[in-house]
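The values are calculated or read from the model by the stated rules, or taken from the named source; none is laboratory data. Everything quoted here is computed from the prediction, not taken from an experiment. Using ideal geometry, Cβ is built from the backbone for each residue, glycine included, and neighbour counts are taken over all protein chains shown. Heads up: the accessible areas ignore ligands, DNA and RNA and are worked out on the full protein's heavy atoms, side chains in. Shrake-Rupley method; radii C 1.70, N 1.55, O 1.52, S 1.80 Å.
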Amino acid sequence: MRVSFAWLSEFIKTGLSVEKIAHMLTMSGLEVEALEAALNDVILEVNVTPNRADCLSVLGVVRELSVLTGEPVILPSSVIKSKEENEKDLLPEIKVEIRNAELCRRYSGRVIRNVKIGPSPEWMAKRLEDYGIRSINNIVDITNYVLVELGHPLHAFDLKTLKGGRIVVDTADNIYRKIKTLDGVERKLPENALVIADAEDPIALAGIMGGASTEVEESTTDIFLEAAWFEPVNIRKTAKALGLSSESSYRFERGADIEIIPFALDRASYLMQEYAGGVPHKAVDVFPGKKIPRAIEVNAQRVSKLLGTDIQKDEIIKILERLGFAPKWNDSLITVFPPSYRLDVEAEQDIVEEVARIYGYDKIPTILPVSRLSAREAPLRSNFIKDARQNIRRSGYNEAINFSFMNPQAFELLSLNDDDIRRSAVALINPLNQEESLLRTTLLPALIENQKHNLQRGLRNIRLAETARIFIKRNTGELPIEHLMLAGISMMNRTYSFWRNGTEDFYCAKGAVEALLDEFRIRDRSFGPCGEPFLHPGKSADVMVSGQRCGFVGVLSPTVREKAEIKGKEDITVFELNLDVIFAALPGIPVYRSIPRFPAVERDIALIVDESVNAAQVIRKIKEYPSELIENAVVFDLYKGEGIPAGKKSMAFNVRYRATGKTLTEEEVEQIHEGLIKDLLVHTGGSLR
Amino acid sequence: MGGEKAKNSSLREPFLNELSPVDSVAGLEELRVRYLGKKGLLTSELKSLGGLPPDERRAAGAVLNETKEFIEQALAQRKQELKDLELRRKLASESIDVTLPGSYVQPGRIHPLTQTLEEITDVFVSMGFSVEEGPEVELDYYNFEALNIPKEHPAREMQDTFYVSNDIVLRTHTSPVQIRVMQRKSPPLKFIAPGKVYRCDADISHTPMFHQIEGLMVGEDITFSHLKAVLESFLHRIFSPDVPVRFRPSYFPFTEPSAEVDIGCIFCKGTGCRTCKGSGWIEILGAGMVNPHVFEMVGYDPKKYSGFAFGMGIERIAMLKYSIDDIRLFYENDIRFLGQF
């Protein structure tokens, strides 16, 4: 809210500079975000928190300053000339009927005759414009001026358009269906919207905006000036339903001061009399919702205990008195009666806060708490995530962070099948745009975008990995399933790297996945056939952990590259792993097995087999061979080409034999090895090279 | 004696003369055979000792043996020298360009937001706080209502919310984790909850997704002065031990009293600059004493327990820490940006 320093200074004489005042306000909860120079004035940009509706006016800020400085508030003039004479002659001409006293606890107003519509005085127009309200004419400007000055919204109706001399306050129902508001828009009235009607039609959306039919115009001579109180939640609901917000609704939905109504009405009447030549008539004031002031109890000891300071009861009482809370006390129990404008003060904690902020947060000491030690909860999961990130980083991947949103076109980009679980995406009701209208079910589309972004900037050797949640929709009303995923993308250009590593890109990506699983000592893992529609069918694998599918690794299919418009010859490899699956498969504390005491004997086998036979099959066969002496087997060479028939390949394996209780002899090893070779030839259909 | 000495020198001298030009192990062997071989010069002289009278023989034998030892040692020493020389030559011929790059997988970097988040987490973990998680897609109840923000509350306007349905939202802050943890555990407790949060807001200084860390400490005698001390000590650790910290009243529906916490501007040291908009202070986090309404919502006795909560945006802290001037850089994932941290 923009507050004029000159205006404010009319209502309180502090003798302080605007900077000093800004600091005082900031340190007591009314943050002054900026000071802006204006003609013969300084504008304070005040951030009023939603609880402090009472500060949404010049008077409100002045009241706050009065509490802080002890200087009195000087109220502006509201004396209506020859008021008695007017009242003697004229009875209230408008009959007010409140049909819903919950939503309208007070309705006041008065007729003002003989107004001359014209421009407002320059100073008034300037103050309104400095605040941010456009000057319209003297009558409308005066209602706005009082709104900014006292914080209470008012509305002026053209009296001649008011039918039947009646004001009815009621919720919209079958009688009142729609209204054309001042902004010229015809609006259907939402259910339970509170309206002001005359004898026939709705003439205003209560507390939000007036109706076009009763608008004050140049031809207006008599007006009916309204000052009322409307219930906050109802105003807010209606404003929200209509997507309509005004200075008036902003104040009513935060809570207006019901007791200031007569003063606000008189103040505006005074200004209309002074600056529009109007003659104010007798006011009408219907007040069915009068309430006795709330009493709130607060224990002085509790205040100092909660704040952690030894603030004395006397000081608390002094602060409460300055706040106008009318404290009464009995021992340490203090009872307060907050003023009508402090709707936010309802309970003991509110009083504690009031005392604390006026006392000054800076005066409360800083004391570190004493707390019971506990090592009960190890940060297992957060450490796991941290380790996963670090591991993938060491494999060369930069960590990326993308928004959790997804473009619905991602399904097509990845050619996902109709029944793919990743099509079960959560949709936002109010997305920022269509491209960000779903929540991610896979991290790939964003990483593909990132890859593109970098390539378009002429960068190469781009490896990115992201750790983030995906969201899978469940039944309506249920929260989606959230899985923590780790995905990576890599496109390596070796042309300009000095050591041209000849390893296929697929194996580099797979290596990163294996390094990650090694990090967590996950031995029960395998790589099997993969049916992901967005991967190269011959260069992709599912990653299985403890028998469960944990994700995939592979080369992005040419179709996806084409759709994503990614150029370049190099393979793009991707992987995506479900970290929740890995976390669940984490092995416990390792159980030590004694280090072998006797030496091992190693033998190599080179097999020529069909290309369709893969290394994992051969190794499995070796390990399945019925001999306890086979300790391990690894593949160490793969060869195709000269000397090997077409459609065949040569693979070389190293087998390690060891006995637990003795040193193996050459003969013993030879015997088993011969048997193993025969077995392998039978099972693989291969031959020795 | 004189004659014997002369005889001895006559072998040493020529041997040394012959030794000096030898430049290979093979040449050395030749020399050895020439002197010490079966028909070598020294061997022949040893053989001829037999013709001398016994007393002369002993003396002459001793001299010859000494010479033999001398020759053997000289040969061995020379052999070692030649071997060393050869090795040096071999190694010299194997020289490579040590300025060529080494072969390794260049490690990637951790995103600056993650680094900041982990640094903050570590500070609180070192103070005994545990780490909790909660869902990012959250029930309206946890995100708002249980935090004392009923529907139609003006405070909802403080946070532009993404809706999934009437009752389901993308969490607008990490505060719902407070409620979920308090429902599950009984006091005393102290934890932090880092994570992603969402608000439908995108402009030069806002992204629709950003990161927060929430913290909560609840016990029987937790006070506002504890809140001040914990946060002050945290800020001193993250920024610098002498950075000024100030607390000023503010409003959050789920805390009361509430505070905004500012640090003295780390760029201008309080004199006023663009970053702090001339105020000399930078708003860094929000905090407050847990509102008793919130305790009632989770079934804690507000008469018995008190606590404080705080929350901070990670982007802002990371921007200050690394002097990053545009929040959107965090989400472009340009490797020239990521590679710097």
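Could you list all residues from region A:646-671 that are assigned to a loop (DSSP other than H, G, I, E, B) and open to solvent by 70 Å² or more (accessible area, probe 1.4 Å)? Walk me through it before giving the result.
The initial filter retains those residues of region A:646-671 that are assigned to a loop (DSSP other than H, G, I, E, B), namely A:646-647, A:658-665.
Once the filter is applied, which keeps residues that are assigned to a loop (DSSP other than H, G, I, E, B) and open to solvent by 70 Å² or more (accessible area, probe 1.4 Å), region A:646-671 yields A:646, A:660, A:662, A:663.
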For this session: Being among the small types (Gly, Ala, Ser) and surrounded by fewer than 17 Cβ atoms within 10 Å (Cβ to Cβ) narrows it down to one of A:304, A:332, so name that one.
Result: A:332
For this session: Please specify each residue of region B:103-121 satisfying the condition of being more than 9 Å from every other protein chain (Cβ to nearest Cβ) and modelled with pLDDT under 95.
Result: B:104
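Scan region A:402-412 residue by residue and report those that are open to solvent by 30 Å² or more (accessible area, probe 1.4 Å) and either under 29 Å from residue A:515 (Cβ atoms) or not assigned by TED's automatic domain parsing to the domain that holds residue A:491 (or both). Lay out the reasoning, then the answer.
To start, the set of residues in region A:402-412 that are open to solvent by 30 Å² or more (accessible area, probe 1.4 Å) comprises A:403, A:407-409, A:412.
Of everything in region A:402-412, just one residue is open to solvent by 30 Å² or more (accessible area, probe 1.4 Å) and either under 29 Å from residue A:515 (Cβ atoms) or not assigned by TED's automatic domain parsing to the domain that holds residue A:491 (or both), namely A:403.
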For this session: Mind counting the residues in region B:269-299 that are away from chain A (no Cβ under 11 Å), part of a loop (DSSP other than H, G, I, E, B) and open to solvent by 20 Å² or more (accessible area, probe 1.4 Å)?
Result: 8
For this session: Inspect region A:446-468 for any residue being modelled with pLDDT of 95 or more, within 21 Å of the chain's Cα centre (by Cα) and assigned to a loop (DSSP other than H, G, I, E, B) and give the result as yes or no.
Result: no
For this session: Look at residue A:430 and say whether it is of a type outside the set (Phe, Trp, Tyr), facing another protein chain (nearest Cβ under 10 Å), part of a loop (DSSP other than H, G, I, E, B) and touching a residue at least 60 places away in the same chain (Cβ under 8 Å).
Result: no
Exercise. From the residues in region B:129-152 that are open to solvent by 40 Å² or more (accessible area, probe 1.4 Å) and assigned to a loop (DSSP other than H, G, I, E, B), which one is farthest from the other protein chains (Cβ to nearest Cβ)?
Worked result: B:148
Exercise. Among the listed residues B:218, B:197, B:243, which satisfies the condition of being closer than 28 Å to residue A:347 by Cα and touching a strand residue (DSSP E or B) at 6+ places or on another chain (Cβ under 8 Å)?
Worked result: B:218
Seminar exercise, completed: The condition from (1) out of contact with any His (no Cβ under 8 Å at 6 or more places or on another chain); (2) farther than 30 Å from residue B:325 by Cβ that residue B:217 misses is numbered (1)
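Step by step: first the residues of region B:161-180, then only those that are open to solvent by 50 Å² or more (accessible area, probe 1.4 Å) and within 9 Å of chain A (Cβ to nearest Cβ), then the one that is modelled with the lowest pLDDT. Which residue is that? Step through it out loud before you land on a result.
Residues of region B:161-180 that are open to solvent by 50 Å² or more (accessible area, probe 1.4 Å), as a first pass: B:163, B:166-167, B:180.
Filter once more, so that each one left must be within 9 Å of chain A (Cβ to nearest Cβ): B:163, B:166-167.
Values: B:163: 94, B:166: 90, B:167: 93.
Looking at residues that are open to solvent by 50 Å² or more (accessible area, probe 1.4 Å) and within 9 Å of chain A (Cβ to nearest Cβ), I get B:166.
With region A:192-308 as the region, which helices (runs of 4 or more DSSP H) entirely inside it contain at least 2 residues that are more than 37 Å from the chain's Cα centre (by Cα)? Don't jump to the end; show me each part of the working.
On the way: elements: A:232-242, A:247-252, A:261-275, A:300-307.
Filter on region A:192-308 gives A:261-275, A:300-307.
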Exercise. Could you list, in sequence order, the residues of region B:212-253 that are out of contact with any Leu (no Cβ under 6 Å at 6 or more places or on another chain), in a strand (DSSP E or B) and within 22 Å of residue B:179 (Cα to Cα)?
Worked result: B:212, B:213, B:214, B:215, B:216, B:217, B:219, B:250, B:251, B:252
Problem set entry | Filtered residues of region A:346-364 (kept if facing chain B (nearest Cβ under 9 Å) and more than 19 Å from residue A:65 (Cβ to Cβ)) | A:347, A:348, A:349, A:350, A:352, A:364
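Here's the yes/no breakdown for (1) without any contact (Cβ under 8 Å) to a residue 12 or more places away in the chain; (2) open to solvent by 30 Å² or more (accessible area, probe 1.4 Å); (3) away from every other protein chain (no Cβ under 14 Å):
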residue	(1), (2), (3)
A:177	no, yes, yes
A:182	no, yes, yes
A:189	no, no, yes
A:200	no, yes, yes
A:205	no, no, yes
A:227	no, no, yes
A:249	no, no, no
A:269	no, no, yes
Problem set entry | Residues located in region B:122-154, provided they are polar (S, T, N, Q) and modelled with pLDDT of 95 or more | B:143
Problem set entry | Checklist (1) surrounded by fewer than 11 Cβ atoms within 10 Å (Cβ to Cβ); (2) farther than 22 Å from residue A:610 by Cβ applied to residue A:630, failing item | (1)
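Identify all residues within region B:210-248 that are of a type in the set (A, V, I, L, M) and surrounded by 22 or more Cβ atoms within 10 Å (Cβ to Cβ); write none if there are none.
Kept after step one, since they are of a type in the set (A, V, I, L, M), are these residues of region B:210-248: B:213, B:216-218, B:222, B:227, B:229-231, B:235, B:238, B:243, B:245.
Those that are of a type in the set (A, V, I, L, M) and surrounded by 22 or more Cβ atoms within 10 Å (Cβ to Cβ): B:213, B:216, B:217, B:218, B:222, B:227, B:230, B:231, B:235.
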Problem set entry | residue A:405 vs. criteria aromatic (Phe, Trp, Tyr) and over 25 Å from the mean Cα position of the chain (by Cα) | no
For this session: Scan region B:300-309 for residues that are farther than 18 Å from residue A:370 by Cα and either touching a helix residue (DSSP H, G or I) at 6+ places or on another chain (Cβ under 8 Å) or buried (at least 20 other Cβ atoms within 10 Å of the Cβ) (or both) and report the count.
Result: 3
Exercise. Is it fair to say residue A:399 is open to solvent by less than 70 Å² (accessible area, probe 1.4 Å) and not assigned by TED's automatic domain parsing to the domain that holds residue A:481?
Worked result: no
Exercise. In this structure, is residue A:314 of a type in the set (D, E, K, R), in contact with a helix residue (DSSP H, G or I) (Cβ under 7 Å, 6 or more places away or on another chain), closer than 26 Å to residue A:68 by Cα and free of Cβ contacts under 8 Å to residues at least 12 places away in the same chain?
Worked result: no
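Out of B:264, B:215, B:219, report the one residue that is touching a residue at least 24 places away in the same chain (Cβ under 8 Å) and more than 9 Å from chain A (Cβ to nearest Cβ). It would help to see each step written out before you state the result.
Working: B:264 fails: touching a residue at least 24 places away in the same chain (Cβ under 8 Å); B:219 fails: more than 9 Å from chain A (Cβ to nearest Cβ).
From the options B:264, B:215, B:219, the qualifying one is B:215.
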Exercise. With respect to residue A:490, is the statement that it is open to solvent by less than 20 Å² (accessible area, probe 1.4 Å) and either within 11 Å of another protein chain (Cβ to nearest Cβ) or at pLDDT 95 or above (or both) true?
Worked result: yes
Problem set entry | Residue identified as assigned by TED's automatic domain parsing to the domain that holds residue A:138, touching an Asp or Glu at 6+ places or on another chain (Cβ under 6 Å) and open to solvent by less than 30 Å² (accessible area, probe 1.4 Å) among A:233, A:195, A:168 | A:168
For this session: Within region A:628-685, count every residue that is out of contact with any His (no Cβ under 9 Å at 6 or more places or on another chain), under 12 Å from residue A:602 (Cβ atoms) and β-branched (Val, Ile, Thr).
Result: 3
Exercise. Can you tell me which residues in region A:598-615 are touching a residue at least 60 places away in the same chain (Cβ under 8 Å), open to solvent by 60 Å² or more (accessible area, probe 1.4 Å) and not in a strand (DSSP E or B)?
Worked result: A:599
